[in-house]
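Data block below; observations after.
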Amino acid sequence: MPLRHLKIAIVLPVFNHGKTVEAVIGDVIEAFPNEWLVVVNDGSGDGTATAIADAHARQPSARIMICQHARNKGKGAALLTGFRAALDAGCTHALTIDADGQHRLEDAIRLVALARLFPDDLIIGDRQLDRFEVPKNSRRGRDMSRFWLWLEAGIDIPDPQCGLRVYPLVPTLAVRCLTRRYDFETEITARLVWRGVRVRSAAITCLYFPPEQRVSHFRPLLDTMRGTWINIVLTTARILSLPPGRMAPAPHDMPRLTRLWDRRHWRRMLNLNGCRAIEPSLTAAAVGIGVLIAFIPLYGLQTILAIYIARRLHLNIPLMVLATQISIPPLSIGIILISMIAGHLLLHGAMPPVSPHSLGQHSAWHWLTTFTADLLVGGLACGLMAGTAALLTTRLIFRFRHLRHLG
């Protein structure tokens, strides 16, 4: 796409930002005097509409479009409304800025400059959270989003939760998303990668106001549950090969025969170098999922299933395959017995019958179907518990190693 055809619109989603939106609009107009500014009032009820009107009145010559939602629909819905309005105005890209005043316009200008160099890519700001004093929840949320996006799309984005972004409008609006609130930005990122859109990050300044000056509508419990739900949906779609378009390759391939005795190769394969911030979580996930697969009664296919899932989720193949080996004899006998007992308890509320008299009361077909159902249900239930325990244990081991290294 030629640079002269790149037209940027600034999309500003607003919800109860009456104290900050007027100043943000003024700063945006000053930084981008020739671009469209699309302000989306997402059902605000605190005087935001008046503040937007006042800001517009002070800049009568500015190219401002004001969109209004009668009720609050969520940040994702506000962004989509702004994207459609920008596309209708002839724009090709949308720069999104939060209305709380935490984004610097100098950083926004740099992201736009990067978008002009790479017009087909999604540009996301990187807030450099590790260099500043920021709330621990923000850092944990960022790392969790990085972890999920790696599973879903095989990319490590430094700050997937940053709202300062430049979207290419045509591919973005071609994507159909399930979410419309804070989880929209995670979903749209993964789905754009599935369609072959490259993601680039640019370092920006991290601005965090004192607690009494912050304007946040994030609801920790509800919004975290929504984010977890959509990440599970996207990860499941990845496993089932549902995503369309080009997919990122798996980062770890099985070793060649000529490398079987290369210690450095196996260290890289087992992720023992700690090269990424989310490495412990990815390693723990590989171990946990491998243990879960070991309890699933698909004997003879467990290794194949582990390799397939590891490649789909971009996890460590040798480590996941190694974790499934807890189901080899004689341990497999104990796993089968525990799974049968657990499954019978879950399905029938009682211990399985073991006396010859009770066994002779039903046909062989009845006991075969009962045994199969008990084994499947019990194996899945026990696998989930054992896999979770293995994941948490692995994560604690990494935590201990980290603290020991610091000490």
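Residues are listed down the side, and each one gets a yes or a no for (1) of a type outside the set (Phe, Trp, Tyr); (2) modelled with pLDDT of 90 or more; (3) more than 32 Å from the chain's Cα centre (by Cα):
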position	(1), (2), (3)
Ile304	yes, yes, no
Tyr308	no, yes, no
Leu313	yes, yes, no
Pro330	yes, no, yes
Ile333	yes, yes, yes
Practice task
Identify all residues within the stretch 30-49 that are part of a loop (DSSP other than H, G, I, E, B) and not aromatic (Phe, Trp, Tyr); write none if there are none.
Solution key: Pro33, Asn34, Glu35, Gly43, Ser44, Gly45, Asp46, Gly47
Practice task
Go through (1) over 25 Å from Leu313 (Cα atoms); (2) of a type in the set (Val, Ile, Thr); (3) under 16 Å from the mean Cα position of the chain (by Cα) one by one and return the number of the condition Val112 breaks.
Solution key: (3)
Fill in the blank from the handout: If you go through Arg142, Arg146, the only one that is crowded, with 21+ Cβ neighbours inside 10 Å, touching a residue at least 24 places away in the same chain (Cβ under 8 Å) and not aliphatic (A, V, I, L, M) is Arg146
Exercise for the section: Go through the stretch 158-177 residue by residue and tally those that are among the aliphatic types (A, V, I, L, M), under 23 Å from Phe147 (Cβ atoms) and touching a residue at least 24 places away in the same chain (Cβ under 8 Å). Expected result: 1
Handout entry: Tabulated pairs, the stretch 95-112, first on the phi > 0 side of the Ramachandran plot and in the same structural domain as Val166 (by TED's automatic domain parsing), second hydroxyl-bearing (Ser, Thr, Tyr) and buried (at least 18 other Cβ atoms within 10 Å of the Cβ), C-beta under 7 angstrom, 6+ apart or interchain
Key = Gly101/Thr20
Completion exercise
When Ala53 is run through (1) buried (at least 21 other Cβ atoms within 10 Å of the Cβ); (2) more than 28 Å from Ala115 (Cα to Cα); (3) hydrophobic (A, V, I, L, M, F, W, C), the failure sits at (1)
Fill in the blank from the handout: Checked against (1) at pLDDT below 95; (2) part of a helix (DSSP H, G or I); (3) within 26 Å of the chain's Cα centre (by Cα), Leu272 satisfies every condition except (2)
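The values are calculated or read from the model by the stated rules, or taken from the named source; none is laboratory data. As the structure is a prediction and not an experimental result, all values here were calculated from the model. Every residue, glycine among them, receives a Cβ derived from its backbone with ideal geometry; neighbour counts consider all protein chains shown.
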